[in-house]
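Data block below; observations after.
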């Protein structure tokens with residue numbers, strides 16, 4: 001696995017407990033979608049109302065309802081691959097739908113997108129370690145696809161960023177770069193908080209850090225050996241769901257987006273979007289920017 005250096009950008013916020021999750025996004029054909037520009041600090045609900053394209057395929061990697069991935073293909077052959085893991089506090093209430101606009105926009109930028117659904121806390125087999133096992137199974141299934149597996153970026157948002165950082169440690173697919181968008185890197189610290197998402201970490205683990213010290217150690221990216229894979233943590237300075245202090249990991253490059261919160265990270269119309277695309281392209285080109293704040 002190669003260790004590149006990186007550059008990129010950010011995200012936006014409101015608390016998940018204040019969000020509505022039953023909106024149905026508009027779907028289109030494979031034509032590119034132009035997303036309207038929005039100001040920073042978009043709410044979660046805005047993600048659920050964005051237009052999306054239909055994926056080219058839905059591929060099951062297991063027998064349970066949530067064990068599948070959606071494959072989004074650009075027009076170009078041999079496109080670089082982004083394997084993406086959505087967030088949502090590790091909870092079954094938040095599914096893949098809120099990440100479909102992000103997958104659509106990545107496709108329109110020329111990336112093949114392997115958008116992973118997985119079992120989460122609140123459904124049979126979800127939580128620790130079942131959710132991570134699903135990610136490993138999904139990456140194994142990715143390795144069986146006729147895609148450009150010489151250029152694979154593993155990316156996750158929020159709780160999905162936490163799982164991406166862990167999965168990159170022992171992936172069956174060669175990962176060039178792992179990118180955590182507002183990722184949780186210190187799970188024990190995060191689970192000690194009182195917000196809805198922080199309490200979701202306890203639901204994911206099945207108990208508190210004091211009750212399950214050994215399990216939290218295994219599930220904690222910050223407790224793992226320094227990764228061989230190039231690692232980039234992108235975080236908004238005004239994130240109120242996952243605090244900026246979580247954007248720390250041995251061996252990782254940390255890049256901050258000023259005034260960005262939690263959810264613009266995966267909103268294609270938010271200011272953070274252009275930084276994320278820059279990060280992807282620069283990591284593929286093996287560039288080596290220094291640590292800085294995106295402006």
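In this structure, is residue 164 within 21 Å of residue 246 (Cα to Cα) and in contact with a helix residue (DSSP H, G or I) (Cβ under 8 Å, 6 or more places away or on another chain)? Yes: the conditions hold for residue 164. Across the stretch 125-140, which residue is farthest from residue 112 (Cα to Cα) among those that are part of a helix (DSSP H, G or I) and either free of Cβ contacts under 8 Å to residues at least 40 places away in the same chain or more than 18 Å from the chain's Cα centre (by Cα) (or both)? Selected residue: 130.
Of the residues making up the stretch 218-225, one or more are buried (at least 23 other Cβ atoms within 10 Å of the Cβ), part of a helix (DSSP H, G or I), in contact (Cβ under 8 Å) with a residue 40 or more places away in the chain and within 17 Å of the chain's Cα centre (by Cα). Residue check: residue 108 meets all listed conditions (1) more than 16 Å from residue 159 (Cα to Cα); (2) surrounded by 24 or more Cβ atoms within 10 Å (Cβ to Cβ) but one, namely (2). All conditions in (1) more than 30 Å from residue 50 (Cα to Cα); (2) in contact with a helix residue (DSSP H, G or I) (Cβ under 7 Å, 6 or more places away or on another chain) hold for residue 257, with the sole exception of (1). Do we have any residue at all in the stretch 49-58 that's at pLDDT 95 or above and within 27 Å of residue 237 (Cα to Cα)? The answer is yes, given that some residue of the stretch 49-58 is at pLDDT 95 or above and within 27 Å of residue 237 (Cα to Cα). One residue stands out in the stretch 42-75 among those that are over 26 Å from residue 124 (Cβ atoms) and touching a strand residue (DSSP E or B) at 6+ places or on another chain (Cβ under 9 Å): the one that is surrounded by the most Cβ atoms within 10 Å (Cβ to Cβ), namely 72.
With respect to the conditions (1) touching a helix residue (DSSP H, G or I) at 6+ places or on another chain (Cβ under 7 Å); (2) outside any loop (DSSP other than H, G, I, E, B), residue 209 lacks only one, and its number is (2).
The values are calculated or read from the model by the stated rules, or taken from the named source; none is laboratory data. Remember, it's a predicted structure, so these values are computed and weren't measured experimentally. So basically every Cβ, Gly included, is an ideal-geometry build from the backbone, and we count neighbours across all protein chains shown.
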